[in-house]
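First the structure, in the form of structure tokens, and then the observations on it.
The values are calculated or read from the model by the stated rules, or taken from the named source; none is laboratory data. Model, not experiment: these values are computed from the prediction. Cβ placement follows ideal geometry from the backbone for every residue including glycine, while neighbour counts extend to all protein chains displayed. Each accessible area value is taken on the protein alone, full model and side chains, heavy atoms only, with ligands, DNA and RNA left out. Shrake-Rupley method; radii C 1.70, N 1.55, O 1.52, S 1.80 Å.
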Amino acid sequence: MVGKSSDLKIELSSTDVILYGHSSESSGKLLQGSVILSLSEPMKVRSITLNFLGKIKVAWSEGIGHHQHYHKQEKEIMEKKWQFVPILDQAHKKAFTLGPGEHKWDFELMLPGDLPQSLEAEGGQVVYRLKAVVERTAFMHNIIKKQPVEIIRCMLPSESELIQTLEIHNTWTEKMMYDIVLPSKVYARGHTIPITFHITPIATRLRVRSLMGSLKEYCTYTTSESSKTDTRIVKSLKQEHPFDDVEQDTVCWTKMIELDIPPMSSHMAFCDAENDMIRIRHKLKFVICLVNADGHLSELRCSVPIVIISSVVAQQTELTLPAYDQTWQSVLCVNPQDVPQQQQQVNDEEWWQGQDLSRVPSYQTAAQQAPVALSTSLPSYDQLIVGSPRHNTMFGQLSMSPAQ
């Protein structure tokens, strides 16, 4: 608003542009809107333009004092310009007189499906915005209006395996069998992650001192010359003496803890994202602290990658998770002798060795695999029907060490 004689607005059919599916399969989206200039009296203008601009920016510093290095890079993703009032004389830009009332110019832009989603992180951002400029005659201030545009990427129904129950199952030799069950691999900002521990003790007089779940975030920022990864614990929850009220001769001990994800208004967590310069990922990490019969403490550690999305994406994809009373049905009973034991210290940062074990291959992919000889120790039909084929089972490796 300049004085009280003019008002410049950018009106969009929707300020959120939703792209469905991965960048390689999305069909894109049409951005539509209008630039509206309302005048209470005549005004001379040289030009009226609109500019759409998308940028990726990363910046961080390393070291201190004289050894400090600053890394920064900016990349233009896309740009489009509109000229609404024709300029007949490019050299002199003769002024046009616009009369009182409302002046409206419609525009549209086809946004490609491979655009990176909008994001705001500590070391980088992806931003899109529209900027309208009414260029006036000499000695008069131009009228400028900016309008942010949010690019949101949503999952397709074909990615429904991401919201199936996820389970980590393994055995600690001569100590216990355990299952850690999650109702999904995908969670929205501001929601709660219910984590269910099922522990079957093998050793006598074994007790669980504590259960802990934590959400860890990995943000990698990249320029043409350097790269940096920031890690942080977004949220952590510890349950002390979780089974003290359970009869020690109970076959299986069960406890659920709920880990809250910070909401969209908080900068304590970001959504998963990936583009040429910014990559954001998350893992859930678990620690089971045990008290042995001799009083010695030991810990079991494991982790699993998960996906954090915005609450807007959750609403658009109608993300629904299985009810808690359904998740227990995915627990798979495994004979301890059938589970390979891992006794050495492992790097829990890459325990899955680059494989996304939670994703089930498509029928076409599975059909192309080489045939495998049948085992001579296959279970009977009666044994098979107790399992649930609708759920994924993950075998997490162990990192076992005395508690510090």
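Each of ARG232 and MET110 was given a label point 7 Å from its Cα along the Cα-to-Cβ line. The distance between the two points is 4.1 nm. Computed from the C-beta positions of HIS22 and ILE64, the FRET efficiency with R₀ = 35 Å rounds to 0.30. In the stretch 160-316, if the dipole is taken from +1 on Lys/Arg beta carbons and -1 on Asp/Glu beta carbons about the Cα centre, which of LEU259, SER224, VAL208 is farthest to the positive end? Comparing the listed Cα positions along the dipole, SER224 ranks first.
What is the extension gain from GLU74 to HIS296, computed as 0.36 nm multiplied by their sequence separation minus the C-alpha to C-alpha distance, in nm to one decimal? Write down the numbers at each step before the final one.
On the way: separation 222, 0.36 × 222 = 79.92 nm, distance 5.40 nm.
Here the segment from GLU74 to HIS296 would lengthen by 74.5 nm.
In terms of accessible area, using a 1.4 Å probe and ignoring ligands and nucleic acids, THR204, THR173 rank largest first as THR204, THR173. Among the GluC sites (Glu not before Pro) within the stretch 1-72, those in coil by DSSP and having at most 16 neighbouring Cβ atoms inside 10 Å are GLU25. Summary value for the stretch 1-124: 35 percent relative contact order, contacts being C-alpha pairs under 8 angstrom separated by 6+ residues.
Sequence-ordered 3J(HN,Hα) estimates for the stretch 33-46 from the Karplus curve with 6.51, -1.76 and 1.60 and θ = phi - 60° stand at x, 9, 9, 10, 10, 9, 10, 9, 8, x, 9, 8, 10, 8 Hz, glycine and proline given as x.
The magnitude of the dipole of the stretch 171-301, with charges of +1 and -1 set on the Cβ of Lys/Arg and Asp/Glu and taken from the Cα centre, is near 260 debye.
Dipole check for the stretch 104-187: with +1 at the C-beta of Lys and Arg, -1 at the C-beta of Asp and Glu, and the Cα centre as origin, the magnitude is about 660 Debye. When the Cα positions of PHE286, TYR178, ALA269 are compared along the charge dipole of the stretch 160-316, ALA269 comes out farthest toward the positive end, with charges on each C-beta of Lys, Arg, Asp and Glu. Taking 0.36 nm per residue of separation and subtracting the current Cα-Cα distance, fully stretching the chain between MET264 and ILE144 would add 40.3 nm. Computed extension length for LYS255-ASP7: 83.3 nm, one decimal, from 0.36 nm per residue of separation with the Cα-Cα distance subtracted. Under the convention that each Lys and Arg Cβ holds +1 and each Asp and Glu Cβ holds -1, the size of the dipole of the stretch 238-315 around its Cα centre is about 460 debye.
The portion of the accessible surface of the stretch 160-316 made up by carbon and sulfur, rounded to a whole percent, is 48 (1.4 Å probe; DNA, RNA and ligands excluded). Accessible surface computed residue by residue for the stretch 160-316, with neighbouring protein chains in place and a 1.4 Å probe, gives 41 Å² per residue. Pairs of Cα atoms nearer than 8 Å and 6+ residues apart set the relative contact order; for the stretch 160-316 it is 27 percent.
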